[in-house]
Structure formats: C-alpha cells, structure tokens
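Notes follow the structure.
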Amino acid sequence: MLSQRQAFRNRPRQGHIEICLDDHDRLLIADLAGQFRSLLSQGADPALQRLYPTAYPDHPEHNVEYGQLVHDDLLRGRLEAIEVVEATAQEPSLSLDQLNAWITVVSGLRLVVGTRLDVSEQDEFDPEAEDAPMQSLLWWLAMLLDEAVTAASHYLPDPLTP
C-alpha cells in the first residue's frame with residue numbers, strides 16, 4: 001500500500017490530476033470498488049448505515065419520507081462513481097469529475113470499513129490486534145481520501161478573487 005509518496009499530483013495547466021499509485025494500489029482500489037458495488041446491491045448490510053444517515057432522529061416518520069426521496073439517487077450516484085473508478089484505475093490521470101467519483105467511492109468505503117470496525121476518533125491503531133489488516137485498510141482509505149480532497153481543492157475558485 002501507499003507509503004510516503006503522493007497518491008495524486010495536480011497538473012492544473014494540463015487540466016488533470018495525475019494518479020501516482022503503484023500497480024498494487026490501483027488493483028486494490030478497483031477490487032474494493034467492485035466489492036463496494038456488491039455490498040450496495042445487497043442493500044441490507046448494517047455496515048451501510050452510515051452511507052444513509054438518519055436525517056430526522058427525533059421524527060422517524062420524516063426520516064422514512066426523507067429516505068424514500070434520496071436513497072435511490074444516493075445509490076445511483078455511488079454506483080456511477082464505482083464505474084468511473086473501475087474504468088480509470090489504470091489510467092495515468094483523472095479529470096476533476098473523475099477525481100470526484102474517486103472521492104465518493106473512497107469515502108463510502110471508508111465509512112463501511114469504519115462501521116465494521118466500530119471505530120471512533122479516539123481509537124488508535126494496534127498492529128497486534130486481530131483486525132489490524134482492516135485497521136490498516138481504514139488508515140489507507142483515510143489517507144487516500146485526504147489526498148484526493150486536497151488535489152480537488154486546488155480547483156476551487158479563490159474566494160478572495162472577485
């Protein structure tokens with residue numbers, strides 16, 4: 001997995017973001033995207049809870065309505081993003097829209113893995129723990145997400161420029 005090098009490098013003059021992942025990491029993200037699709041298709045896994053959070057915790061009837069309104073759109077958006085990640089995992093670079101699809105998939109994967117591990121921000125990595133491989137995956141996804149968001153942020157308009 002990715003060590004001390006960058007995952008993404010901005011090439012604003014050329015209008016793209018270079019993918020700096022090695023072949024192993026590219027295969028891993030494509031494989032994880034496929035697993036994510038399978039999980040989303042099943043729909044009943046408790047690990048998906050954080051992907052569809054409760055909008056109205058004090059009003060269950062409103063929350064059911066809200067879920068009916070947004071669930072299919074959220075699912076469709078995630079499935080489309082998965083297709084983009086699988087199609088671009090071996091490409092040398094990404095457009096900003098493609099990078100946003102990567103952000104969607106990596107963020108979703110991170111939420112699912114974190115839910116399965118039942119982690120909180122206070123938890124620390126324990127290399128001796130039985131779930132250390134899953135903890136490592138969670139750390140890698142968090143780092144990948146951070147770098148993708150940082151790369152995307154270079155394309156935001158300058159708020160100080162009129």
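The values are calculated or read from the model by the stated rules, or taken from the named source; none is laboratory data. These figures come from a predicted structure and were not determined experimentally. Cβ: placed from backbone, ideal geometry, glycine included. Neighbour counts: every protein chain shown.
Quick rundown of the values:
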| read-out | value |
| --- | --- |
| Residues of the stretch 35-76 satisfying the condition of being surrounded by 13 or more Cβ atoms within 10 Å (Cβ to Cβ) and either among the basic types (K, R) or closer than 16 Å to A101 by Cβ (or both) | F36, R37, L40, R50, L51, L74, L75 |
| Residue match in the stretch 86-107 (condition: assigned to a helix (DSSP H, G or I) and more than 16 Å from the chain's Cα centre (by Cα)) | no |
| Those residues of the stretch 27-52 which are in a helix (DSSP H, G or I) and of a type in the set (F, W, Y), in sequence order | F36 |
| Test set (1) outside any helix (DSSP H, G or I); (2) in contact (Cβ under 8 Å) with a residue 12 or more places away in the chain; (3) not hydroxyl-bearing (S, T, Y) - H24 fails condition number | (1) |
| First in the stretch 34-55 and touching a residue at least 40 places away in the same chain (Cβ under 8 Å) and closer than 14 Å to R110 by Cα, second anywhere and of a type in the set (D, E, K, R) and outside any helix (DSSP H, G or I), Cβ under 7 Å, 6 or more apart | L39/D45 |
| Filter result (β-branched (V, I, T) and touching a His at 6+ places or on another chain (Cβ under 9 Å)) within the stretch 5-50 | I17 |
| Neighbours by Cβ (under 6 Å, 6+ apart or cross-chain): first from the stretch 140-162, under 18 Å from N10 (Cβ atoms); second among the polar types (S, T, N, Q) | L145/S107; A151/N10; H154/N10 |
| Set Y66, Y52: member being within 15 Å of the chain's Cα centre (by Cα), among the aromatic types (F, W, Y) and modelled with pLDDT under 90 | Y52 |
